[in-house]
1. Being more than 15 Å from ARG11 (Cα to Cα), surrounded by fewer than 20 Cβ atoms within 10 Å (Cβ to Cβ) and of a type in the set (Lys, Arg): is that true of ARG103 here?
2. Could you grab me the full set of residues in the stretch 1-35 that are without any contact (Cβ under 8 Å) to a residue 24 or more places away in the chain and either exposed (fewer than 15 other Cβ atoms within 10 Å of the Cβ) or part of a loop (DSSP other than H, G, I, E, B) (or both)?
3. Just to be sure before I move on: is LYS75 more than 9 Å from the ligand (Cβ to nearest atom) and touching a residue at least 60 places away in the same chain (Cβ under 8 Å) in the structure I sent?
4. Being among the β-branched types (Val, Ile, Thr), more than 13 Å from the ligand (Cβ to nearest atom) and assigned to a strand (DSSP E or B) is the filter here, so list the residues in the stretch 114-160 that pass it.
5. Report yes if MET38 is within 15 Å of the chain's Cα centre (by Cα), surrounded by fewer than 21 Cβ atoms within 10 Å (Cβ to Cβ) and either assigned to a loop (DSSP other than H, G, I, E, B) or of a type in the set (A, V, I, L, M, F, W, C) (or both), otherwise no.
6. Is there a residue being surrounded by fewer than 16 Cβ atoms within 10 Å (Cβ to Cβ) and outside any helix (DSSP H, G or I) anywhere in the stretch 67-75?
7. How many residues are closer than 17 Å to PHE17 by Cβ and either among the aromatic types (Phe, Trp, Tyr) or within 15 Å of the ligand (Cβ to nearest atom) (or both) when one looks only at the stretch 35-56?
8. Identify the residue in the stretch 161-185 that is within 16 Å of the ligand (Cβ to nearest atom) and β-branched (Val, Ile, Thr) and, among all such residues, is surrounded by the most Cβ atoms within 10 Å (Cβ to Cβ).
Amino acid sequence: MNRWFPIETKRLLLREFRADDEQDIHAYASDPEVVRLMIWGPNTPETTKAFLAGVLKEQERWPRPAVGLAIELKKERRVIGGIDLRVKDEKNRAADVGYVLARAHWGRGYMVEAARAILDAAFRQIGLHRVWATCDPRNRASYRVMEKLGMRREAHFRKDVMEKGEWRDTYLYAILAEEWLRTGRSGSEDETKGHQRDRRARDSGSHI
Ligand SMILES: CC(C)(COP(=O)(O)OP(=O)(O)OC[C@H]1O[C@@H](n2cnc3c(N)ncnc32)[C@H](O)[C@@H]1OP(=O)(O)O)[C@@H](O)C(=O)NCCC(=O)NCCS
């Protein structure tokens with residue numbers, strides 16, 4: 001299939017990363033508060049450099065099973081976070097979504113806006129059947145994003161992850177294509193305008 005991004009929403013541009021995004025990425029990836037409940041970080045400058053080099057290399061490949069997009073704040077023309085859609089179960093057309101946002105931009109609905117556009121592409125353009133996401137149960141902001149998207153909490157795993165020196169629990173949320181398309185959580189037209197192509201859902205095949 002053709003690339004289904006960049007995607008423009010009301011306030012954001014979801015696009016591939018560029019070499020000159022390094023400082024913006026490092027600003028959030030090195031913030032201990034941002035990564036406190038995540039399974040990576042805080043980044044050193046070397047980690048961010050290596051991460052970005054890996055992403056830029058991976059972007060040369062198409063199709064690919066996982067797509068990571070920069071979240072650019074249109075009014076500032078800078079990257080304030082990232083969002084990933086990763087096909088992890090090709091046979092069952094299932095993917096997970098993951099996201100991160102710079103602290104200065106929390107609480108303004110940016111991640112709901114970004115994730116809504118990604119789910120809409122996942123179901124309407126890529127033709128996925130199910131999308132799931134996980135987070136630490138202490139990460140209220142993260143699971144509230146999932147809930148606002150209409151995702152359902154399907155599991156609470158006990159102490160399944162060893163991270164930052166402790167066993168952590170995991171919430172798992174998911175949503176099916178039929179639920180997404182039925183409930184119309186995809187939002188208004190003006191939130192998903194622009195580059196998003198109006199292509200019908202199709203079998204995603206092995207890659208997205
Ligand atoms: C999780 C995250 C992406 C949410 O992004 P966001 O754009 O701030 O989220 P939204 O503005 O769309 O709001 C979603 C909900 O989170 C709440 N929220 C936002 N920041 C919060 C904070 N610091 N503490 C508690 N709740 C918060 C909002 O109030 C809202 O819930 P409500 O509707 O019940 O009020 C962002 O907080 C973040 O990047 N956190 C650090 C990285 C991370 O944890 N990523 C997810 C890993 S699973």
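1. Yes: the conditions hold for ARG103.
2. Hits for the stretch 1-35 are ASP20, GLN23, SER30, PRO32.
3. Yes; evaluated as a whole, the condition is true for this residue.
4. VAL131
5. yes
6. yes
7. 4
8. ILE175
Bear in mind that the values in this text are calculations on the coordinates, not laboratory data. Keep in mind the model is a prediction, meaning the values are calculated, not measured. In this analysis, Cβ positions are derived from the backbone assuming ideal geometry, glycine residues included, and neighbour counts consider all displayed protein chains.
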